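So the structure is just underneath, and the comments pick up after that.
The values are calculated or read from the model by the stated rules, or taken from the named source; none is laboratory data. Keep in mind that this is a model prediction, so the values were computed, not measured. Cβ placement follows ideal geometry from the backbone for every residue including glycine, while neighbour counts extend to all protein chains displayed. With ligands, DNA and RNA removed, areas are computed over all heavy atoms of the protein, side chains included. Shrake-Rupley method; radii C 1.70, N 1.55, O 1.52, S 1.80 Å.
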Amino acid sequence: MRSFTYARADSAADAVGRAGASGTAFVAGGTNLLDLMKADVARPGGLIDISRLPLDRIEETAGGGLRLGALARNADTAYDERVQTRYPMLSKAILAGASAQLRNMATNGGNLLQRTRCYYFYDTATPCNKREPGSGCGAIGGVNRIHAILGASDQCIAVHPSDLCVALAALDAVVQVRGPDGERSIPFAEFHRLPGDRPEIDTTLRPGDLVTSIDLPAKGFAEHSTYLKIRDRASYAFALVSVAAGLELDGGTVRDARLALGGVAHKPWRDPEAEAALIGKPAAPDSFRAAARVLLRDAKGHEHNSFKIELAERAIVRALSEAADRKGASHP
Amino acid sequence: MTAIPSIPGFLKEPNGPIGKPVSRVDGRKKVTGDAHYAAEFTLPDLAHGYIVSSAIARGRITRIDASAALALPGVIHVFTHENRPSLAWFDRKWKDDDAPKGSPFRPLYDAEIHHALQPVALVIAESFELARYAARLVHIEYEAAPHQTDLRANRANTFTPGKDKGGFEPPPKPRGNPEQAFLDSPVQVDAEFTQAAEYHNPMEMHATTVLHHDDGTLTVHDKTQGAQNCHTYICNVFGLSKSAVRVMSPFVGGAFGSGLRPQHQLFMAMLAATQLKRSIRVELSRPQMFSFGHRPETIQRVALGAERDGTLRALIHEAVQESSQNENYVEIVVNWSGQQYACDNVRLDYKLTRLDVHTPLDQRAPGAATGVPALEIAMDELAFKLGMDPLELRLKNYAETDPNTGTPFSSKELRACFRQGAERFGWAKRSPAPRSMREGRELIGWGMAAGVWDAMQGQAAAKAVLGVDGKLVVSSATADIGTGTYTVMTQIAADVLGLPIEEVTFCLGDSSLPTAPIEGGSWTVSTVGSAVKAVCDRVRSQLFTLAGKLEDNPLKGVAEADVLFADGHLIVRDDRSRRLSITDVMRGSGTLSIEEEARALPYLLARARHTFATHSAVFVEVRVDEDLGTIRVARVVSAIAAGRIINPKTARSQIQGAVVWGIGMGLEEEAFTDHRLGRVMNHDYAEYHVPVNADVPDIDVLFVEEHDDMVNALGAKGVGEIGIVGVPAAIANAIHHATGVRVRDFPITLDKVLAGLR
């Protein structure tokens, strides 16, 4: 491993202050960053250990929602009774990801910042604009079974691998950040970015920014929601396509809807038009399919992943159907 | 056919632990961390090596600049082709016991690059982390040349190999008139099948630790399936005397064939240890596990012609596989198709295409695991066209003798596998039409397939030392790659000499022990077990002779054949009160120890006139989501005929493990090559998928009774490979039954099913 400095932050302010030096990275659970350092993909000059900061609580917000501490473990979040009851799709999404051991280590903040699993990103002998800007994209015209069908650019077709983030996108979560210029809130839809011509940048965080919490609004779609993950084996695999779906029903009619896709883009994919297409419609497969088609209207496949377009449509119909059928809040 | 006399010394009736579900004798060591693997040995002067892998697939190195690496404090040396010492010149010096015809790969030999991830430099440093970091600072410039890695694009560019590798005969000449018979057949199946490249990926990555002793001798701890194979190789390559080096591999963390040939980490560690005169460890990274040996990608065609009653009239099986530029790796693939069913018009054809890849390597049931599934899917397709039960079709064309050779089988209880497996599975309740069984949104499919694998035997020697305390130590230079060799050899020895298991120790994985061949092909029980039995038979005779010299010998007047060895005693068979303990024989005769060595050979008289094979019938239930195409295997019944089962517990584990791999082969495993780069891209456990626990259902294994007194003195054929052979086809056939979608390309990922569900 390359040499790096290590410092333990004793407060959030200390962490942000220390992060001023270029090439530093925060480390908490380390489940992704340390792997990337061993593979020589991530090369931070210094690590700032934030794992002891008091940001690991899950607490009520004034608005009736929940504040998930950035350092709360994925497992503790998934099994939190309030999360399970009020935001079951989130709990289900977390438990669909990684392994029990990883969820015990990984933090919520870290989950937001995990890097893509694109083969080329991981193999330093191959081109990758995300790892080495300007080197080209290996996946375009290469092996791209797990790659994006939405929002990609001619520079990068990588996908964001998180399950948790797909549910957070659907729930309209807000990321609380503390930076050199103070605190600010980033709506989840604006937190991750599309690759464009700067695929090396995954998020809208600025240098020195520290994620302190993720706030969930009061509305959790507990009655009618689900998280559906489709992958190449039953466990321990990233999503080919995943769907976070939430419905608010009035009898058999959709009053409000949330729909986010994972495994298909550089960020969790949401489209207000697709959700609007559901409102006022009967909660039935035909309306779900119509919404899916809106969401996927610009989808574009590559050599090995075109199947994802139809798979995503079918998965959306299934997830919304399951959400609609659900009677009352359910545990994952 | 003349009667063959039963094999000399045949074990008619075990009287001890043979046939019992004895727990692994090395189990405690394994679960307590007391079993040590190749990368776990050390000496105070140990240095660490990290291999630099080629960034291109073909071409040559034009410049190597290691100065940045060497500038780091703690970096000891960087080995490249430019500074390597003089090594063996002739190809034969680089050959090993599993080498196919050709010129073996020589690491760091010259500037030429033959395949992606080829080892091009070795960095030696005081710590592993430093070596790995320094390896990234070695600057290498290449002049790339065009490469070919795409089998499909090169499928027309083939040649027909000969007998280019031990254990694999070229296909027999065509019999009858297969092309015409096919055209004349009222019912036909003619389809193409593909099998993706698979990598062995044992849990333990390949590693070698060379311990450099003060007297200049070397102890080499290597991950290998053949300590002596590696011993010979390094002595030849480095010009060392046999007595200066000892290769050890007492524990191996899975191998599946990947340890059959000496791999480059062994060469690298030896190079550094001999040059630097210190202890060295070299361990491959997980991506580097994709730098050697794999189950080759294969394109096949199977054409079957049949009468309307199901009688097979024509069988054509053609296969094209990849090999490297430097060696002819063959696994023939098609021969079992000519053996499995009675058919008068058969053509089997096997070809190779040279690609710019490393040489493929035997992987669990090499050839059969690729070829038999193609045949068994074609049989299922034929049954479907005929409107016949797939099991009935197989029984209809059951081969009583080996159609390839005309010789009888030494034993073949495949019918019993079909019958007992079907009964256990509940096959009779299958509704024949596709998509006719469901539960909610899950389509249920039941499929079956037959399997076959060779029951081979090699030559091996074993040594036995019985102490005055009645403790027995038996040894042979074989391997236990997790299969249970320690346990079954202990059982065989304990059984022959009537000793409790605890009194017997078996030693293996050491090149200084009596000769044994590489451990593979499911032949170790047959090969080494026979030697263990033979040497213990000798000890037994010795004990009987010594007993005869005692003054008050209770066995007086009794022939050796009428004496039982049980409970640590010599006992008169017909009067069990007349007995003498082994320790009394030893003490009474003043014998401190009995030492014997014996060699066992295949019983050629029988081998020449029979076909020896294990058989299986596999029944699978799959559940396929009718909208999403996701597939899960819900249950598996595997019925195995493999002669006498020495240990039903370890044998069951072997079959269960093989079924798990069969699920992987059927549904998940595939190395994705970027043909522009000539490089496998999913070279880690995250993206190269093998089954996880959640993919593995209840696996019900049953062993049918099979008596075989020609295979060897133990009557045991060996298991391991037979467990995988039928599984991928049974899964594919079950998917067809569930969905009506026929997928002929392994692995069957959900997108392939989804395409058919539209």
What number comes out for the charge environment of B:Val468, summing +1 per Lys or Arg and -1 per Asp or Glu over other residues with Cβ under 11 Å away?
0
DSSP loop trypsin sites (Lys or Arg not before Pro) in the range B:1-110 with at most 14 other Cβ atoms within 10 Å of their Cβ, which ones?
B:Lys12
Principal semi-axes in Å for the range A:181-244 [√(5λ), Cα gyration tensor, largest first]:
27, 21, 11
How much of the accessible area of chain B, probe 1.4 Å, is carbon plus sulfur, in whole percent?
50 percent
Of the heavy-atom accessible surface of the range A:72-223 (probe 1.4 angstrom), what whole percent is carbon and sulfur?
50 percent
Using a 7 Å offset from the Cα along the Cα-to-Cβ direction at both A:Ser235 and B:Asn83, what is the distance between the two label points in nm, to one decimal?
4.9 nm
How many percent of the alpha carbon pairs in the range A:225-325 exceed a separation of 21 Å?
27 percent
Test of understanding: express the Cα radius of gyration of the protein assembly as shown as a ratio to 2.2 N^0.38 Å, with N the residue count.
1.01
How shielded is A:305-316 by partner chains, expressed as the average number of their Cβ atoms within 10 Å of its Cβ atoms?
3
So what are the radius of gyration and Dmax for the Cα set of chain A, in Å?
19.3, 62
Which value results when the Cα radius of gyration for the range B:458-601 is divided by 2.2 N^0.38 Å?
1.06
Among B:Ile140, B:Ile645, B:Ala273, whose Cα lies farthest out toward the positive end of the dipole of the protein assembly as shown, if unit charges sit on the beta carbon of Lys, Arg (+1) and Asp, Glu (-1)?
B:Ile140
A correct Stokes-Einstein calculation for the range B:4-102, using the alpha-carbon Kirkwood radius, 20 °C and 1.002 mPa s, returns a whole-number D in µm² s⁻¹ of 102 µm²/s
For chain A, what is the relative contact order in percent, using Cα pairs closer than 8 Å and at least 6 residues apart in sequence?
18 percent
Size of charge dipole - the range B:458-601 - debye, nearest 20, with Cβ of Lys, Arg +1 and Asp, Glu -1, no other charges
220 debye
Assigning unit charges at the beta carbon (Lys, Arg +1; Asp, Glu -1) and nothing else, what dipole magnitude in debye, to the nearest 20, does the range B:36-134 show about its Cα centre?
460 debye
Residues of the range B:653-694 with accessible area at least 50 Å² lower in the all-protein-chain context than alone (1.4 Å probe)?
B:Phe672, B:Arg676, B:Met681, B:Glu687, B:His689, B:Val692
Positions from the range A:129-165 whose accessible area shrinks by 30 Å² or more when the full protein complex is built, not the chain alone, probe 1.4 Å:
A:Val143, A:Arg145
Length added when fully stretched, B:Lys385-B:Ser436, from 0.36 nm per residue minus Cα-Cα:
16.7 nm
Hey, how much of the P(r) for the range A:1-99 falls beyond 18 Å, as a percent of Cα pairs?
57 percent
Find which of B:Leu580, B:Val558, B:Ala600 sits farthest along the positive direction of the dipole of the range B:458-601, computed with +1 on the beta-carbon of Lys and Arg, -1 on that of Asp and Glu, about the Cα centre.
B:Val558
Tally Lys/Arg at +1 and Asp/Glu at -1 over every other residue whose Cβ is under 14 Å from the Cβ of B:Arg742; what's the total?
-2
Give me the angle, in degrees from 0 to 90, between the Cα long axis of helix A:285-295 and the longest principal axis of the Cα atoms of chain A, rounded to the nearest 10.
40 degrees
Return the ratio Rg/(2.2 N^0.38 Å) for the range B:281-347, where Rg is computed over Cα atoms only.
1.68
With B:His81 itself left out, Lys, Arg at +1 and Asp, Glu at -1 over residues whose Cβ is under 15 Å from its Cβ give -2
On the Cα set of chain B, report Rg and Dmax in Å, please.
27.3, 88
Mean separation of Cα contacts under 8 Å (6+ apart) over length of chain B, as relative contact order %:
17 percent
Got the relative contact order for the range A:225-325 handy, in percent, Cα pairs under 8 Å and 6 or more residues apart?
29 percent
Under the rule that an exposed site lies in a DSSP loop and has at most 16 other Cβ atoms within 10 Å, name the longest stretch of chain A with no chymotrypsin sites (Phe, Trp or Tyr not before Pro) of that kind, not counting the sites themselves.
A:80-332
According to a simple spin-label model (label point 7 Å from Cα along Cα-to-Cβ), what is the distance in nm between B:Lys30 and B:His139?
4.9 nm
Nitroxide proxy distance, nm - points 7 Å out along Cα→Cβ at B:Asp91 and B:Asp344
4.4 nm
Just to compare against my own numbers: the Cα pair-distance distribution for the range B:610-712, 5 Å bins, whole % per bin, please.
2, 10, 17, 16, 14, 13, 11, 9, 5, 2, 1
Using a 1.4 Å probe on the protein heavy atoms, what percent of the accessible area of the range A:225-325 belongs to carbon and sulfur?
50 percent
At most 16 other Cβ within 10 Å, DSSP loop - GluC sites (Glu not before Pro), the range B:384-451
B:Glu400
Using a probe radius of 1.4 Å on heavy atoms only, what accessible surface per residue do you get for the protein assembly as shown? Whole Å² is fine.
36 Å²
Shielding by partners, peptide B:623-629 (average Cβ within 10 angstrom, other chains)
4
Unit charges at the beta carbon, dipole of the protein assembly as shown: most positive-side option, B:Gly166, B:Tyr685, A:Ile279:
A:Ile279
Give the distance, in whole Å, between the Cα centre of the range A:95-129 and the Cα centre of the range A:130-194.
12 Å
The answer for chain B, counting only DSSP H helices whose Cα atoms cover 24 angstrom or more along the axis and whose Kyte-Doolittle average is 0.5 or greater, is B:368-386, B:524-548
All-pairs alpha carbon distance profile, the range A:5-51, 10 Å steps from 0, percent:
30, 55, 15, 0
A/B buried area, accessible surface, summed, 1.4 Å probe, Å²:
3100 Å²
Checking rank on B:82-90, A:40-48, with mean other Cβ inside 10 Å and highest first, the result is A:40-48, B:82-90
In the range B:710-758, what residues drop by 50 Å² or more in accessible surface going from the chain by itself to the full protein assembly, probe 1.4 Å?
B:Leu750, B:Asp751, B:Leu754, B:Arg758
Given +1 on the Cβ of Lys and Arg, -1 on the Cβ of Asp and Glu, and no further charges, what dipole in debye does the range A:1-123 carry about its Cα centre, rounded to the nearest 20?
200 debye
